[in-house]
Every structure is written in C-alpha cells, then in structure tokens.
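The values are calculated or read from the model by the stated rules, or taken from the named source; none is laboratory data. Just so you know, these numbers come straight off a predicted model, no measurement behind them. Note that each Cβ is placed from the backbone with ideal geometry, even for glycine, and that neighbours are counted across all protein chains shown.
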Protein chains: 2
Amino acid sequence: MAATLGSLAGLIGYALRRAQLAVFDETIRSVADLDLRLAQVSVLAVVGHRPGLKQTEVAAALGIQRANFVALIDSLEERGLARRAPDPSDRRRHALHLTAEGERVLAEATARVAAVEARLAAKLGPHGREELLAMLWRLARD
Amino acid sequence: MAATLGSLAGLIGYALRRAQLAVFDETIRSVADLDLRLAQVSVLAVVGHRPGLKQTEVAAALGIQRANFVALIDSLEERGLARRAPDPSDRRRHALHLTAEGERVLAEATARVAAVEARLAAKLGPHGREELLAMLWRLARD
DNA sequence: TATTGTTATACTCTATAACTATA
DNA sequence: TATAGTTATAGAGTATAACAATA
C-alpha cells in the first residue's frame with residue numbers, strides 16, 4: 001500500500017487522516033458495548049469535568065455547532081446520563097450536569113479509552129506520546 | 001478551551017481528530033478554487049503515480065470501499081481528468097489513467113497542498129515533520 | 001438588537017447488501 | 001464459485017438559515 005500511495009504517504013495531512021481513522025476504529029470498538037458514540041463520550045467527559053457549563057460553551061469547546069449539539073444532549077438526557085438544569089439568572093440558558101448514572105458510565109468509558117491509549121503509547125516509545133500530543137495540538141490550534 | 005476539555009486534551013485519539021480537522025480545513029481551502037475535494041485529489045495522486053492500476057487496487061490503497069469509489073471516478077471522468085481503460089486480459093477490470101488535463105490539475109493541486117504542508121512543517125520545528133510522520137504511520141498501520 | 005436553544009434541511013461521507021458480467 | 005464493478009440505500013456527521021424566548 002505504501003508504495004502505491006506515492007507522494008500522499010509524505011503528507012502530514014494524509015497521514016493524520018489515516019492515523020485518526022485507525023485510532024478511532026479501535027476506540028469506537030472499545031466503547032461499542034456501552035452503546036456510546038465518541039461524540040457522546042466527549043460530551044460526558046467535558047460536562048463531568050466542568051459541570052454547570054451551558055450548552056453553547058460545551059459545544060464550542062468540542063468544536064460542535066450548537067444546532068448539532070441539541071440532538072447529542074437529547075440522547076444523553078433520554079438515557080438518563082445528563083440533564084439540562086434551568087439557570088435562574090438567565091432563563092435562556094441550560095446548565096449541563098451528569099446524573100449519578102452518567103458519572104458511572106463516564107468512568108467506565110474513560111477506563112476503556114485509557115486502555116486503548118496505553119496500547120497506542122506503547123507503539124510510540126518512551127517519550128513518543130508526549131511529543132506527539134505537543135505536535136498535534138500545535139497543528140490543531142491554528 | 002484547553003481548560004474545559006479536561007482529560008480529552010491528553011488523549012492521542014482526540015488530539016488526532018482536532019489536528020486532522022484543522023489541517024483538512026486549511027487544505028480544503030487551498031484547492032477549493034480548483035473545485036476539487038481531497039478525496040478526488042488523493043485519487044489523482046495515486047493514479048498519477050501508478051497509472052494502470054484497477055479500481056479496486058486504488059480504492060484499497062486509499063482505504064475507500066469499492067462501492068463508494070465508483071462515484072468518485074465518475075466525477076473525475078466526467079470532468080475529463082481521468083479515464084477508465086478496458087483491460088484486454090480481463091474484461092471485468094477497468095485500468096485507471098489520467099488525461100493530460102488530469103496531469104495538469106494534479107500538478108496544480110500538488111503545488112497548493114505542498115504550500116500548506118510547508119506551513120505545517122514550519123510549525124513543527126527542524127525534525128518535527130519527519131518524527132510526526134513516522135509516529136502517525138506507526139499508528140495507522142494497525 | 002443580540003444571544004440561547006431549537007427546528008428543519010441539505011449535503012457529504014461511509015457501510016452494507018445485492019445485482020451483472022465476467023472469470 | 002469467485003471477482004470487478006456497479007446500484008441502491010441507510011446512517012452518521014456537519015453546515016446553514018430561520019424561529020421563539022429571553023436578555
């Protein structure tokens with residue numbers, strides 16, 4: 001395959017895509033039996049880390065448009081994992097929180113993902129993981 | 001944003017996704033006025049590098065399902081950038097080639113993408129690019 | 001007037017099954 | 001029987017515009 005890819009194999013953009021797809025494939029499988037998509041896991045992680053944020057703030061942190069975020073929290077709320085709390089100071093806002101069940105599911109999902117990450121780190125050698133993260137975020141923040 | 005992402009910021013998988021989206025955003029814009037999507041550019045690159053490959057081989061190299069590959073070459077053929085050539089030894093097969101116009105468009109797209117890649121490499125320091133590519137392909141190949 | 005959440009919608013990307021023609 | 005290409009289709013993910021309620 002490498003031989004047939006030609007110049008693509010030397011492109012950061014293309015290598016990023018292939019690596020991301022491969023890693024997501026493994027990560028998606030790791031939480032599949034929890035019936036969670038990665039977007040749902042990411043919302044649980046942010047809300048669990050910073051409870052009380054409003055929808056727009058969580059969506060912006062994750063790079064998700066607020067219009068598309070609605071169905072995402074709907075799904076988590078319907079499953080009893082998160083809830084929208086009314087904000088007394090501004091009745092337009094919905095502050096987001098995890099339920100006790102949401103905390104449990106997040107803990108389980110986090111453990112599964114951590115196991116995948118450990119396997120990835122093992123492929124990268126001693127300081128590979130930290131170096132990779134530093135480079136990736138340098139590319140991601142404009 | 002980093003502060004609100006919590007544990008996500010330390011995940012290789014999540015950082016890969018954010019970096020890939022940011023890089024693709026810039027790359028997509030760089031070829032937008034050629035009216036080319038990145039999937040089309042990747043097909044032009046592979047066929048230009050290895051003319052005569054059959055559809056299934058190109059699709060496999062790019063990780064695209066052969067069913068989804070049909071519309072992709074259709075679009076390139078309709079624009080006169082690529083052509084399906086009958087294979088005399090096996091009439092089921094279509095060998096893929098670029099037209100002269102396809103070669104020209106590929107050259108232009110390659111130059112645009114190379115300019116983006118140069119900006120990315122500049123962000124990563126002296127040996128950053130090579131180190132990053134090595135790590136990404138280590139993750140992508142299983 | 002501006003913002004928050006929402007609905008509706010359209011478009012791309014991807015995955016799967018089934019068909020045809022050839023081998 | 002198996003393979004190459006194809007068609008049809010359904011599910012995600014994403015982007016945009018417009019609306020109601022509230023500020």
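For segment A:71-83, indicate whether the set of residues that are surrounded by 15 or more Cβ atoms within 10 Å (Cβ to Cβ), more than 14 Å from chain B (Cβ to nearest Cβ) and of a type in the set (G, A, S) is non-empty. So that I can check it myself, show each step before the final result.
First, the residues of segment A:71-83 that are surrounded by 15 or more Cβ atoms within 10 Å (Cβ to Cβ): A:72-73, A:75-77, A:79, A:81-83.
Now drop any that are not more than 14 Å from chain B (Cβ to nearest Cβ), which leaves A:72-73, A:75-77, A:79, A:81-83.
This time we only want the ones that are of a type in the set (G, A, S), so: A:75, A:82.
Yes, segment A:71-83 contains a residue that is surrounded by 15 or more Cβ atoms within 10 Å (Cβ to Cβ), more than 14 Å from chain B (Cβ to nearest Cβ) and of a type in the set (G, A, S).
I'd like the full set of residues that are touching a Phe, Trp or Tyr at 6+ places or on another chain (Cβ under 9 Å) and either of a type in the set (D, E) or over 20 Å from B:I12 (Cα atoms) (or both), limited to segment A:39-57.
Of everything in segment A:39-57, those that are touching a Phe, Trp or Tyr at 6+ places or on another chain (Cβ under 9 Å) and either of a type in the set (D, E) or over 20 Å from B:I12 (Cα atoms) (or both) turn out to be A:Q55, A:T56.
From the list B:L21, B:L5, pick out the single residue that is part of a helix (DSSP H, G or I), within 18 Å of A:L8 (Cα to Cα) and either away from DNA strand D (no atom under 13 Å from the Cβ) or not small (G, A, S) (or both).
One residue alone meets the criteria, B:L21.
Specify the residue that is nearest to B:R37 (Cα to Cα); the eligible residues are those in segment B:95-142 that are at pLDDT 95 or above and not in a helix (DSSP H, G or I).
Once the filter is applied, the top-ranked residue is B:L98.
When you go through (1) in contact with an Asp or Glu (Cβ under 9 Å, 6 or more places away or on another chain); (2) without any contact (Cβ under 8 Å) to a residue 40 or more places away in the chain one by one for B:K54, which number turns out not to apply?
(2)
Filter segment A:58-93 for residues that are closer than 21 Å to B:L8 by Cβ, small (G, A, S) and near DNA strand C (Cβ under 8 Å from one of its atoms) and give the result.
Across segment A:58-93, the qualifying residues are A:A59, A:A71.
Here is a check on your reading of the model: is A:A100 more than 9 Å from DNA strand D (Cβ to nearest atom), out of contact with any strand residue (DSSP E or B) (no Cβ under 9 Å at 6 or more places or on another chain), among the hydrophobic types (A, V, I, L, M, F, W, C) and within 14 Å of chain B (Cβ to nearest Cβ)? Reasoning before the result, please.
Working: more than 9 Å from DNA strand D (Cβ to nearest atom): yes; out of contact with any strand residue (DSSP E or B) (no Cβ under 9 Å at 6 or more places or on another chain): yes; among the hydrophobic types (A, V, I, L, M, F, W, C): yes; within 14 Å of chain B (Cβ to nearest Cβ): no.
Answer is no for this residue.
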